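Everything on this sheet refers to the single structure shown next.
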């Protein structure tokens, strides 16, 4: 069910009306049912998979906190590996086979049917929320909670399609706690939905209509048009993704729930580190907490920190899509983050003021924006084509 369709609008109106008409204790169960219906509308055969994995994740977490159970850490680690394995099978099996074939490794034809034909809707978002939950239970920073709360956390339909990625510790205290709708919150939610629809339908879709035919044949375009295409895609993806996030956040507010913000003017940031603190913020914080820091973060020296950033951002790229150019896009930003940390250390040793003032920030913002724009070329095109396009954009071809 796509957010920008009349069907979703009708579904949302009915869901909100019934939600507030029900007794408070029944509302979470209604939202769980609404989430099941929402998911089944997309591709019904995958619904049992999501429900079974959700039951197994919750059951494992409950079992792991029983004091008599031995090897709790191993049990939770197995559950984490299993959820990641489901993601890997559905999203990355084909990519793995293609990579092996490109590397000259013969893949038996009988293995090809193992590639899933359909990727379950939002499997990446489900997996990240499962993994967050299991890791925090393993660390002892989170109790499993009631089954109702966990199922609603996973199946809360406003965040099913494209996030934001939630945290159970923030979401659970909101379940079943609001007596009646707050008119100010409802108004803010409706406003957020309207803004999101405008971003998506009026801006992102209009730009997409103009530039998609050009991206189909990028090597046939003059350099000035390549720049316009690149700028266009930068704003298309921002308004598309932030528009969907606005609709999700606004929809959640109609039910009295608050979910994380996802975008905070990322193209107005003066460096790539600030960009990533403002772009897809729920994903950035997840990658930081559950990939970068477990790898060692910056606790094991500068060189190890640089490797950790590169690995974390490469995995971030792979999360966005099962193709080599997504990994390159992530690595591109990983290298940039490493170079920025080097620059910070060099900058404090240079003579002159600690800050370059408003002009300096403006120049840094323009440079950062263009760096990000060039990165989007890697995001859109295969590696070979992107290399040619980027060389032309920077005047090397």
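The values are calculated or read from the model by the stated rules, or taken from the named source; none is laboratory data. Remember, it's a predicted structure, so these values are computed and weren't measured experimentally. A quick note on method: Cβ atoms are made from the backbone with ideal geometry, for glycine too, and the neighbour counts reach across all protein chains shown.
What the table shows:
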{"quantity": "Flag for residue 161 being over 30 Å from residue 254 (Cβ atoms) and either in contact with a strand residue (DSSP E or B) (Cβ under 7 Å, 6 or more places away or on another chain) or not assigned by TED's automatic domain parsing to the domain that holds residue 289 (or both)", "calculated": "no"}
{"quantity": "Some residue of region 170-181 being at pLDDT below 95, in a helix (DSSP H, G or I), under 29 Å from residue 293 (Cα atoms) and touching a helix residue (DSSP H, G or I) at 6+ places or on another chain (Cβ under 8 Å)", "calculated": "no"}
{"quantity": "Options 358, 350, 318; residue that is free of Cβ contacts under 8 Å to residues at least 12 places away in the same chain and under 29 Å from residue 228 (Cα atoms)", "calculated": "358"}
{"quantity": "Every residue from region 240-253 that is within 15 Å of the chain's Cα centre (by Cα) and either crowded, with 21+ Cβ neighbours inside 10 Å or more than 20 Å from residue 206 (Cα to Cα) (or both)", "calculated": "242, 243, 244, 245, 246, 248, 249"}
{"quantity": "Condition met for residue 256 (more than 15 Å from the chain's Cα centre (by Cα), touching a residue at least 40 places away in the same chain (Cβ under 8 Å) and not in a helix (DSSP H, G or I))", "calculated": "yes"}
{"quantity": "Given (1) within 23 Å of residue 128 (Cα to Cα); (2) over 14 Å from the mean Cα position of the chain (by Cα); (3) part of a loop (DSSP other than H, G, I, E, B), number of the condition residue 261 does not satisfy", "calculated": "(2)"}
{"quantity": "Any chance residue 216 is out of contact with any strand residue (DSSP E or B) (no Cβ under 6 Å at 6 or more places or on another chain) and crowded, with 22+ Cβ neighbours inside 10 Å", "calculated": "no"}
{"quantity": "Selection from region 1-19 of residues that are surrounded by 17 or more Cβ atoms within 10 Å (Cβ to Cβ) and assigned to a helix (DSSP H, G or I)", "calculated": "8, 11, 12, 15, 16, 19"}
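Conditions (1) under 23 Å from the mean Cα position of the chain (by Cα); (2) modelled with pLDDT of 90 or more; (3) surrounded by 14 or more Cβ atoms within 10 Å (Cβ to Cβ); (4) not assigned by TED's automatic domain parsing to the domain that holds residue 137, marked per residue:
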| position | (1), (2), (3), (4) |
| --- | --- |
| 59 | no, yes, no, no |
| 64 | no, no, yes, no |
| 70 | no, no, no, no |
| 83 | yes, yes, yes, no |
| 95 | yes, no, yes, no |
